[in-house]
Amino acid sequence: MPVSHSRGKLYLLIRLLLIITIIAAGVFLFTGRHPSVYYLSFYEGYSEEILFQQQVEMGDTLVLNYIHSADATPISVIFEIRADGMHLIEEKYSWYGAGLEAGAGHQFAFEGKDVTVSGYDRIFEELPLRVARSVPQEIVLGDKIITLNQLAPGGSLLIIRVDQK
């Protein structure tokens, strides 16, 4: 009788392993056929209405170009798009003004009239931007340029997020 009891346990174990294997294969096949798709979405800050949306890939860059309000110098801020948000990579500008990065922990490179500041460790799950009334602001995604004051009037609050669908 003990041999038969051992066989019963062995068959039960084999059935259990077979079921686990089938479930694991199903999960693998299901997720393999439905990879995550990511979008960069521009929302109106109060209503959450989507004003613009574009599919992006992880590692794509988003460049915010604007004119510094006090110093009237052009600024470019470069972000890398990742699943957890937008990672600040570097800022480029030609004249230091209030609100621009400076200090320990950053690397500074000087090329001609421009300063590039890098070495950031900042993640933005969402990027709130107020649309300027008097200077142009644009977002560059690959070869696409989004002019913010064409999305919303000056003074509007925009929220930019990486959405997964």
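The values are calculated or read from the model by the stated rules, or taken from the named source; none is laboratory data. Values in this document were obtained by computation on a predicted structure and should not be read as measured data. Ideal geometry is used to build each Cβ from the backbone, glycine not excepted, and the neighbour counts take in all protein chains shown.
For residue 165, the test of being at pLDDT below 90, closer than 23 Å to residue 47 by Cβ and either of a type outside the set (Ser, Thr, Tyr) or in contact with a Phe, Trp or Tyr (Cβ under 9 Å, 6 or more places away or on another chain) (or both) is passed.
Residue-wise test of (1) more than 30 Å from residue 36 (Cα to Cα); (2) loosely packed, with under 14 Cβ neighbours inside 10 Å; (3) modelled with pLDDT of 85 or more.
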site: 68; (1), (2), (3): yes, no, no
site: 79; (1), (2), (3): no, no, yes
site: 110; (1), (2), (3): yes, yes, no
site: 116; (1), (2), (3): yes, no, no
site: 124; (1), (2), (3): no, no, yes
site: 140; (1), (2), (3): no, no, yes
site: 145; (1), (2), (3): no, yes, yes
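Scanning the range 111-139 for residues that are in contact with a strand residue (DSSP E or B) (Cβ under 8 Å, 6 or more places away or on another chain), in a strand (DSSP E or B), over 17 Å from residue 51 (Cβ atoms) and not small (Gly, Ala, Ser) yields 114, 115, 116, 117, 123, 124. Residue count for the range 45-62, restricted to those that are buried (at least 17 other Cβ atoms within 10 Å of the Cβ) and part of a strand (DSSP E or B): 4. Pairs linking a residue in the range 151-165 that is of a type outside the set (A, V, I, L, M, F, W, C) to a residue that is part of a strand (DSSP E or B), with Cβ atoms under 6 Å and 6 or more positions apart or on different chains, are 161/41; 161/126; 163/39; 163/41; 164/38. Scanning the range 23-37 for residues that are surrounded by 10 or more Cβ atoms within 10 Å (Cβ to Cβ) and at pLDDT 75 or above yields 23, 37.
On the basis of being modelled with pLDDT of 75 or more and either among the acidic types (Asp, Glu) or in a helix (DSSP H, G or I) (or both), does residue 40 make the cut? So residue 40 fails the test.
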